[in-house]
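Asks: Below is one structure. I have some questions about it.
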Amino acid sequence: MANETHDLQQQEVQKQEVEMQGAERTREQVAFIPRVDIYETNDAMMMVANMPGVDENNVEITLEKGVLTIKGYVPPTQFEGYSLVYAEYREGDYERSFTLSNDINQEAIEATMKDGVLRLRLPKISPTTRKIAVKSA
């Protein structure tokens, strides 16, 4: 029974690693690619990323050369007096990057985190129109 359980765990790990093509390792544990929904309003883009186990103290958001990167770190769970026999849920960190368009006001991006859900508000740049004077040559 123990060998069968171990074999099933190994198969599940291999399956998840295949499904995580492009995932990077940030520490010794695997980095998952979080699922993200993107919504558009008249004045902003809204991103909602699911990162179970991550709180506001363990999330890092960087913006460099137009690339927005979100990273979430999950502290390992250990239960004193217990040993894991079988696991269907695998703990790991989260990492994903997005290239932003020139229509986003990169200086005004806001982020909130609650219950493992990261919400980003990416305000759009207000279009400006200016009249260009034409001079005679």
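Only the coordinates and a few stated rules stand behind these numbers; no lab work does. In this text, all values refer to a predicted model and were calculated from it rather than measured experimentally. Heads up, the Cβs are rebuilt from the backbone with ideal geometry, glycines too, and the neighbour counts pull from every protein chain shown.
Asks: Exactly which GluC sites (Glu not before Pro) in the range 61-137 are in a DSSP loop and have at most 11 other Cβ atoms within 10 Å?
Replies: Within the range 61-137, the qualifying GluC sites (Glu not before Pro) (loop, at most 11 other Cβ atoms within 10 Å) are GLU80, GLU88.
Asks: While we're looking at this one, here's another question. Of PHE32, PHE79, how do they rank once you tally other Cβ atoms within 10 Å and put the fewest first?
Replies: Ascending Cβ contact count within 10 Å gives the list PHE79, PHE32.
Asks: Length gain on complete extension for the stretch ASN58 to ILE125, per 0.36 nm per residue less the alpha carbon to alpha carbon distance?
Replies: Extra length from ASN58 to ILE125 when fully extended: 21.2 nm.
Asks: Hey, what do the phi angles of the range 94-102 turn into as Karplus ³J(HN,Hα) couplings, whole Hz, using 6.51/-1.76/1.60 and θ = phi - 60°, x for Gly and Pro?
Replies: Listing the rounded values in order: 10, 7, 7, 10, 9, 8, 8, 7, 6 Hz.
Asks: Could you line up ASP115, ASP103 from fewest to most neighbouring Cβ atoms inside 10 Å?
Replies: ASP115, ASP103
Asks: Here's a follow-up. Please sort by residue number the chymotrypsin sites (Phe, Trp or Tyr not before Pro) in the range 86-137 whose DSSP state is loop and whose Cβ has at most 12 other Cβ atoms within 10 Å.
Replies: Those that pass, being in a loop and sparsely packed, are TYR86, TYR89.
Asks: Hey, another quick one. Nearest-5 percent of antiparallel DSSP beta bridges in the range 32-137?
Replies: Rounded to the nearest five, the antiparallel share is 95 percent.
Asks: Would you please give the residues with an amide H less than 5 Å from that of ILE125, counting only those at least 5 places away or on a separate chain, with H modeled from the backbone geometry?
Replies: Amide H neighbours of ILE125: ILE104, ASN105.
Asks: Order these by the 10 Å Cβ neighbour count, fewest first: SER126, SER101.
Replies: Final ranking by Cβ density, sparse to dense: SER126, SER101.
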